[in-house]
Amino acid sequence: MSGIIAQNINQIRASIPDYIRLIAVTKTVSPTAMREAYEAGIRDFGENRLQEALCKQKELQELTDVSWHFIGHIQTNKAKKVLEHFNWIHSVDSLKLAQRLNKLAEELACQPQVCLQVKLLEDPNKYGWEVPDLLADLPQLELCHHLDIQGLMTILPLGLSKTEALATFMAAKELAQEINQQQYSHIHMNQLSMGMSGDYLLAIKAGATMIRLGQIIFGARKI
Ligand SMILES: *Cc1c(COP(=O)(O)O)cnc(C)c1O
């Protein structure tokens, strides 16, 4: 018999299309539970706290075919470590951070895959570009040749109705299309990282390609 984590993953997988990249968000989750998720087929882990993530990466280093996704705000002095230890950065949330990551990526000779974090609704608690600011920064982001800019990431404010949530996810999809129409050569909006435990089905309906699920896989977080 498989454990509850595997059951949860199997149930989620059965309810979403195959092309969706299911990122297991493992903040506060133990390496043992992460191994169980791996056994159930998970190959993408998302973490938002660098120190915690580095400890767990060390413990799980035999899992060599895992992609690590950084999904939290990056302090300037942590940017290099994030580049060194993660395949994806979903939370590039300002031009200043993008430029810093670009410079470091050049020095490290790497080309991280990144999403640009955007705030489609006002939300004082969230990092990210507001839409007009993101559109205004695109010409400078285009010059960040060492970043592989693949799409948008968004987190909804708390307390939206289903209708509002779906409309907001659809606005993200439309923004991605609008940016693609501008035909930048280094900015490709083919990925939409959106949808968490409470709203991932709506996000998929609106065109999400990557969903970031924590509690629905591992159970409620205490902190
Ligand atoms: C914690 C977190 C998630 C997962 O949230 P759940 O409600 O546990 O599914 C997704 N994205 C980000 C950026 C997070 O910090």
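List of remarks:
- Count - residues of the stretch 69-95 that are under 16 Å from L138 (Cα atoms), free of Cβ contacts under 8 Å to residues at least 40 places away in the same chain and touching a helix residue (DSSP H, G or I) at 6+ places or on another chain (Cβ under 8 Å): 0
- Test: residue in the stretch 189-207 that is modelled with pLDDT of 95 or more, of a type outside the set (K, R), more than 23 Å from W88 (Cα to Cα) and touching a Ser or Thr at 6+ places or on another chain (Cβ under 8 Å): no
- Candidate set from the stretch 42-51 (those that are under 17 Å from the mean Cα position of the chain (by Cα) and either among the polar types (S, T, N, Q) or farther than 20 Å from S197 by Cα (or both)); member that is nearest to the ligand (Cβ to nearest atom): N48
- Restricting the stretch 12-41 to residues that are loosely packed, with under 12 Cβ neighbours inside 10 Å and more than 24 Å from C55 (Cβ to Cβ), the residue that is nearest to the chain's Cα centre (by Cα): Y19
- Among residues of the stretch 27-47, those that are under 15 Å from M210 (Cβ atoms) and not in a strand (DSSP E or B), counted: 2
- Per the conditions (1) under 19 Å from Q191 (Cα atoms); (2) in contact (Cβ under 8 Å) with a residue 24 or more places away in the chain, the sole criterion not satisfied by D18 is (2).
- Segments classed as strands (runs of 3 or more DSSP E), wholly inside the stretch 50-128, with at least 2 members that are farther than 30 Å from E39 by Cβ: 113-119
- Residue tally, condition over 13 Å from I204 (Cβ atoms), more than 13 Å from the ligand (Cβ to nearest atom) and touching a helix residue (DSSP H, G or I) at 6+ places or on another chain (Cβ under 7 Å), over the stretch 10-32: 1
- Cβ-Cβ distances below 9 Å connect the following pairs, each with a first residue in the stretch 133-146 that is surrounded by 13 or more Cβ atoms within 10 Å (Cβ to Cβ), a second residue that is in a loop (DSSP other than H, G, I, E, B) and among the aromatic types (F, W, Y), and a separation of six or more residues or different chains: L138/Y184; L141/Y184; E142/Y184.
- Residue match in the stretch 50-66 (condition: β-branched (V, I, T), touching a helix residue (DSSP H, G or I) at 6+ places or on another chain (Cβ under 7 Å) and loosely packed, with under 14 Cβ neighbours inside 10 Å): no
The values are calculated or read from the model by the stated rules, or taken from the named source; none is laboratory data. Keep in mind the model is a prediction, meaning the values are calculated, not measured. When we count neighbours, we look across all protein chains shown, and the Cβ atoms used for this are built from the backbone with ideal geometry, even at glycine.
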